[in-house]
Amino acid sequence: MKRVAFMLIALTLAFTADAQLLWRVSGGGVEKPSYIFGTHHVASSSITDSIRGFKDAFAACSRVYGEVVMDSMMMPEVQMGMARKMAAPPDSTLHVLLSPDEYARVDSLTGLYLGIGLQQLDMLKPAVLSAQLVVVMSMKAFPEFDVQNQLDALLQQQARSAGKAVFGLESLDSQVDLLYGAPLSEQADDLLSLLEPGHEKEMHELADAYMRQDLETLQQLVEESEGESSPEELDRMIYDRNRRWAETLAPVFADAPSFVVVGAGHLPGDRGLLALLREKGYTVEPVM
């Protein structure tokens, strides 16, 4: 899997050292435990039915934290701001960034996966188009996915219905900058990498492994891609955010039991969110 696919899947996939998706955070002076759930944003919401202890953990928490507050996407002013950041400058549209041959090949790709010609998408930044293509590829790997019941949004809706407060670990604006803020030439290269064969097959492999909580396969697929990403990219997309989130969550856990929903491989590893919380004195263990 090429670098662009990893970086976009990194925003959807979480796995852990023991192939667990639900973790309990206790100790560190907190009176009641909090929980962290690793999500795949295009997975069927039915995944929660197969995770032991999920319903009890969710019910025990008075707050839910996602990467962003999903409802904020529906605000008109937010949508307008996103549209501005997703648009390329007039002198750097897709037909300028791509050669005629590249443009024709990407046009075939958008027709296949998005059902629309590239001419109608010409003003979008390449990263926006890459993200749309990867999401559609991922959706094909999850036939039970229901866009009206997207997992992260559904959990936040359920939280509100149960009277729980909902918060975001970062703003939607910052996520848009993260996804679409790279140099346009680099974004174009990433878009062209999606022309290489095998991406949809890899999305299916990731999806199957996630639903099985199959650590060995998940690690293998992600590590193959991680090697193609620069340390700066990994810091920007993963590790810097882990550090910020750990700092944000420390006072949150002390204040009230909270249910945290994040994806993107943010959980595992020496610089993963779980390890960073352990460094702060918390006991972090899988819910068995």
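The values are calculated or read from the model by the stated rules, or taken from the named source; none is laboratory data. Small disclaimer: the values here were computed from a predicted structure and weren't measured. With ideal geometry, Cβ positions are generated from the backbone for all residues, glycine too; neighbour counts draw on all protein chains shown. Surface accessibility is based on the protein's heavy atoms, side chains included, excluding ligands, DNA and RNA. Shrake-Rupley method; radii C 1.70, N 1.55, O 1.52, S 1.80 Å.
Figures for the structure shown
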{"item": "Per-residue [θ]222 nm for the chain (sum of -39500 (n - 2.57) over DSSP H runs n ≥ 4, rounded to 500)", "result": "-14500 deg cm²/dmol"}
{"item": "Net charge of neighbours whose Cβ lies under 14 Å from the Cβ of Gln79, counting Lys and Arg as +1 and Asp and Glu as -1", "result": "-1"}
{"item": "Length added when fully stretched, Glu285-Leu195, from 0.36 nm per residue minus Cα-Cα", "result": "28.3 nm"}
{"item": "Assigned charges on the beta-carbon of Lys, Arg, Asp, Glu; the chain dipole about Cα centre (debye)", "result": "1020"}
{"item": "Between 0 and 90°, nearest 10: helix 76-86 axis offset from the chain longest Cα axis", "result": "50"}
{"item": "C-alpha long axis of helix 100-114 to longest principal axis of the chain, angle in °", "result": "50"}
{"item": "Entries of Lys55/Lys280; Lys32/Lys280; Lys32/Lys164; Lys55/Lys201 with Cα pairs more than 21 Å apart", "result": "Lys55/Lys280; Lys55/Lys201"}
{"item": "Amide H contacts under 5 Å for Ala88, placed H, 5+ residues apart", "result": "Leu124, Lys125"}
{"item": "Full-stretch length increase - Ser185, Ser92 - with 0.36 nm per residue and alpha-carbon distance subtracted", "result": "32.6 nm"}
{"item": "C-alpha center-to-center spacing [segment 119-197, segment 69-86] in angstrom", "result": "13"}
{"item": "Cα long-axis angle, helix 151-161 against the chain (0 to 90 degrees, to the nearest 10)", "result": "50"}
{"item": "FRET E, pair Asp235, Tyr103, Förster distance 35 Å, beta-carbon r, rounded to 0.05", "result": "0.60"}
{"item": "Whole-percent carbon and sulfur share, accessible surface of the chain, 1.4 Å", "result": "52"}
{"item": "Read-out Cα extents along the principal axes in Å, derived from the coordinates shown; its label in [x] 71, 48, 31; [y] 62, 42, 35; [z] 63, 38, 33", "result": "[y]"}
{"item": "Label point distance in nm, Leu112-Arg271, each placed 7 Å from Cα along Cα→Cβ", "result": "3.4"}
{"item": "Projected label distance in nm at Asp177 and Gln158, using a 7 Å step from Cα toward the beta-carbon", "result": "3.3"}
{"item": "For the chain, accessible area per residue (1.4 Å probe, heavy atoms of protein chains only), Å²", "result": "45"}
{"item": "Loop sites in segment 123-199: GluC sites (Glu not before Pro), DSSP, at most 13 other Cβ within 10 Å", "result": "Glu144"}
